[in-house]
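K.L.:
Quick one: this structure, given as structure tokens, is what I'll be asking you about.
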Amino acid sequence: MKILHVMAGGKHGGAETACIDMVLAMHEAGQDVALVTRDNPRNERLKAAGITVYSLPFGGVIDIYTRFALTRIIKRFKPDIVQSWMSRASAKTPRWRGSMGIPAYKVVSRLGGYYSLKYFKNTDFFTTITPLIKTYLEENGVAPDNVRHINNFAETEAADARPPVRLKIFRRAPRCCWVWAAFINPRRLIFWRARGGIARCVCVDRRGSPARADRGSFNR
């Protein structure tokens, strides 16, 4: 099977690491894979394994070059599946059309957050890293048969064992204090509770209720 991965991504990130690991794993399993992404030192791992990597800018709204160049890459590679990662790559990925002159392919988008569905107009199928994101898609009109929950996976690098270090911010914390923080994604809020130098984290989902803390559904 021919699979073209499309990752805009930043210099560092969990999705970026998972993407590289997945491309390598598919390659080792005998699949014909390639990656379209921004220029980044992490791409050297793929090139060293003999995997083709295409570099595109993945700019903002005025960046029309990336979509044009990505379409040309798809026409040359002739994939069975185009797997886009997160919102920007998905927004830049074209849906198959007969005028492209190549066999039909499907666009599969992988989500690690509650992105607006306006970025996924060309997506045929979805995979999500948590059950709650899957539920979010279904609640917003995605057919259940078109979305699957598949956890992220990643290998860890060996490190020297060191004793735990307490953060100084908690050393002088009051007996009980609450600090509220909203991340870039407004649908997820994090409440930190400092007590006796130990931080506890509670994730609140988009509906205002605490996410279940079991491993399968807790959004980190």
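K.L.:
Of (1) of a type in the set (Ser, Thr, Tyr); (2) surrounded by fewer than 18 Cβ atoms within 10 Å (Cβ to Cβ); (3) in contact with a Lys or Arg (Cβ under 9 Å, 6 or more places away or on another chain), Ser116 satisfies all except one. Which?
P.N.:
(3)
K.L.:
Related question: Just to be sure before I move on: is Asp32 closer than 14 Å to Val6 by Cα, touching a strand residue (DSSP E or B) at 6+ places or on another chain (Cβ under 9 Å) and among the acidic types (Asp, Glu) in the structure I sent?
P.N.:
Criteria not met by Asp32.
K.L.:
Determine if region 41-52 includes at least one residue that is surrounded by 13 or more Cβ atoms within 10 Å (Cβ to Cβ) and under 17 Å from the mean Cα position of the chain (by Cα).
P.N.:
yes
K.L.:
While we're here: Output yes when any residue across region 55-66 is farther than 17 Å from Val33 by Cβ, crowded, with 17+ Cβ neighbours inside 10 Å and within 17 Å of the chain's Cα centre (by Cα), and no when none is.
P.N.:
Checked against the condition, which is being farther than 17 Å from Val33 by Cβ, crowded, with 17+ Cβ neighbours inside 10 Å and within 17 Å of the chain's Cα centre (by Cα), region 55-66 yields at least one hit.
K.L.:
Looking at this structure, is Tyr119 among the hydroxyl-bearing types (Ser, Thr, Tyr), part of a loop (DSSP other than H, G, I, E, B), under 18 Å from the mean Cα position of the chain (by Cα) and under 25 Å from Leu132 (Cβ atoms)?
P.N.:
Spelling it out, it is not the case that Tyr119 is among the hydroxyl-bearing types (Ser, Thr, Tyr), part of a loop (DSSP other than H, G, I, E, B), under 18 Å from the mean Cα position of the chain (by Cα) and under 25 Å from Leu132 (Cβ atoms).
K.L.:
Restricting to region 80-111, what's the tally of residues that are part of a loop (DSSP other than H, G, I, E, B) and surrounded by fewer than 19 Cβ atoms within 10 Å (Cβ to Cβ)?
P.N.:
Step one: of region 80-111, the residues part of a loop (DSSP other than H, G, I, E, B) are 80, 93-97, 101-105.
When the remaining residues are screened for being surrounded by fewer than 19 Cβ atoms within 10 Å (Cβ to Cβ), the result is 80, 94-97, 101-104.
Of the residues in that region, 9 qualify.
Bear in mind that the values in this text are calculations on the coordinates, not laboratory data. Please read all numbers here as calculations on a predicted model, not as lab measurements. Note that we place each Cβ from the backbone using ideal geometry, even for glycine, and neighbour counts take in every protein chain shown.
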